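For reference, the structure discussed in these notes is given below.
The values are calculated or read from the model by the stated rules, or taken from the named source; none is laboratory data. In this text, all values refer to a predicted model and were calculated from it rather than measured experimentally. All Cβ positions, glycine included, derive from the backbone under ideal geometry; neighbour counts span all protein chains shown. The accessibility values were calculated without ligands, DNA or RNA, using every heavy atom of the protein model including side chains. Shrake-Rupley method; radii C 1.70, N 1.55, O 1.52, S 1.80 Å.
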Amino acid sequence: MSDNIRYVDLQINGYMGVDFSAPDLTEDQFLKTADHIFASGTYLFLPTIVTSSREVYLRNLGVMYHAAETHGLLEQIPGAHLEGPFISPKPGAVGAHIPEYVQAPNAAFFDDIMERSNGYVQLLTVAAEVPGMDEFISHVVSKGVVVSCGHQLAELEDMERAAKAGAKLLTHLGNGCPNMINRHKNMIWSGMACDDLTAMIITDGHHLPAEVIKCIVRAKGVDNVIVTSDAAPIAGFAPGRYNCWNNDAILEPNGKFHNPEKGCLVGSSYSQKKCADFLRTLDFVTEEDIVKMTSLNPLKMIGRA
């Protein structure tokens, strides 16, 4: 049955050496990378731009939209995921992103992005605790964009306000946060406790241990969990040292991609199918559960059920 799943991935940062956040991204690179992603088993995906300069957002969204539109790929690449720039700049929460590019909520900038990219944004990740974020979320949602909370230091009250404003998701719950946190009051427990937010999780075996995946699935329920690969531009490459988003990072033989100096992961080296295969090694999810989390649930979230 696994070979017949049309995998849907809401967060792919790049693949086979191509970075969707690179300032020199070309249409040809984007299309060749899309072919690699489709060949990996993913049918539909959202190319993701991490926290970047204003120029990169305005340029690369146009590049990707034009490539998808002119080659009949808007069904399979219906829009982009902007993971930033409206996240927390604080160490740990900012993760592998470049802190200098983080911005406060800015509706005018977001509107400019939407207008100049033909509305080619499906999903936006923000930090729920940032001042003014509730109003900003309401504005973004009014444009038909799904909002997710992540790379944040938010507590339950922040997430509940974000959900009330229209947020629907948690970006890679359990990651994009400091290694040292309060054992009770933290963004992981709060994310699991916030019933109005669906959890996206990375199931590559490195971002979350099996027992944490089990707790999130049990807390949220299978219908409220979405698997994403969070594939980095080095996905598909051999082990070695690579520079990614100003990180001197190592891809280990076991697939772990990390910055040892920062003590953080730098995206994953997995495809969505490989994330599903890791789930198949666990004893608390069924094949039906995997289909929901890797295909049906993400489709519903972006309104393409």
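Relative contact order, percent, of segment 199-279 when contacts are C-alpha pairs under 8 Å separated by at least 6 residues?
Values: 123 pairs, mean separation 26.2, N = 81.
Rounded, it is 32 percent for segment 199-279.
Summed over qualifying helices (DSSP H, 4 residues or more, each -39500 (n - 2.57)) and divided by its residue number, the chain shows a 222 nm mean residue ellipticity of -9000 deg cm²/dmol.
Ranked by the mean number of other Cβ atoms within 10 Å per residue, highest first, peptides 194-205, 226-237 order as 226-237, 194-205. Taking amide H as placed 1.01 Å from N in the peptide plane, residue 231 has its amide H under 5 Å from the amide H of 13, 268, each at least 5 places away in sequence or on another chain.
When only C-alpha pairs under 8 Å and at least 6 residues apart count, what is the relative contact order of segment 55-144, in percent? Present the calculation step by step, with values, prior to reporting the outcome.
Details: 86 pairs, mean separation 32.2, N = 90.
After rounding, I find 36 percent.
Across segment 259-270, coupling constants 3J(HN,Hα) worked out from phi with the 6.51/-1.76/1.60 Karplus curve, θ = phi - 60°, read 9, x, 5, 7, x, 9, 7, 10, x, 10, 9, 9 Hz, and Gly and Pro carry x. Approximating the spin labels as points 7 Å out from Cα along Cα→Cβ, the residue 280-to-residue 24 distance works out to 4.0 nm.
What is the dipole size for segment 10-135, taken about its Cα centre, with +1 at each Lys and Arg Cβ and -1 at each Asp and Glu Cβ, in debye to the nearest 20?
The calculated dipole for segment 10-135 is roughly 220 debye.
Residues whose amide H lies under 5 Å from that of residue 226, counting only those 5 or more places away or on a different chain, are 199, 200, 201; hydrogens are built 1.01 Å from N in the peptide plane.
Restricted to Cα atoms, segment 190-278 shows a radius of gyration and a Dmax of 14.1, 40 angstrom.
Taking amide H as placed 1.01 Å from N in the peptide plane, residue 80 has its amide H under 5 Å from the amide H of 121, 122, 123, each at least 5 places away in sequence or on another chain.
Using the crude model of +1 on Lys and Arg Cβ and -1 on Asp and Glu Cβ, and no other charge, please compute the dipole size for the chain relative to its Cα centre, in debye to 20.
Working: 24 positive and 36 negative charges, 72 e Å.
Roughly 340 debye for the chain.
Summing Lys and Arg as +1 and Asp and Glu as -1 over all other residues whose Cβ lies under 15 Å from the Cβ of residue 180 gives a net charge of +4. Nonpolar atom fraction for the chain, defined as the carbon and sulfur part of the 1.4 Å probe accessible area, stands at 50 percent. The alpha-carbon of residue 262 sits under 15 angstrom from the alpha-carbons of these aspartates and glutamates, leaving out residues fewer than 8 places away in its chain: 248. The phi torsions of segment 285-301, fed into the Karplus equation with coefficients 6.51, -1.76 and 1.60 and a -60° offset, translate into couplings of 10, 9, 4, 4, 4, 5, 4, 4, 6, 9, 9, 5, 4, x, 4, 4, 4 Hz, rounded to whole numbers, with Gly and Pro shown as x.
When 1/r is averaged over all different Cα pairs and the result inverted, which Kirkwood radius in Å belongs to the chain?
Working: mean 1/r = 0.0530 Å⁻¹.
Result for the chain stands at 18.9 Å.
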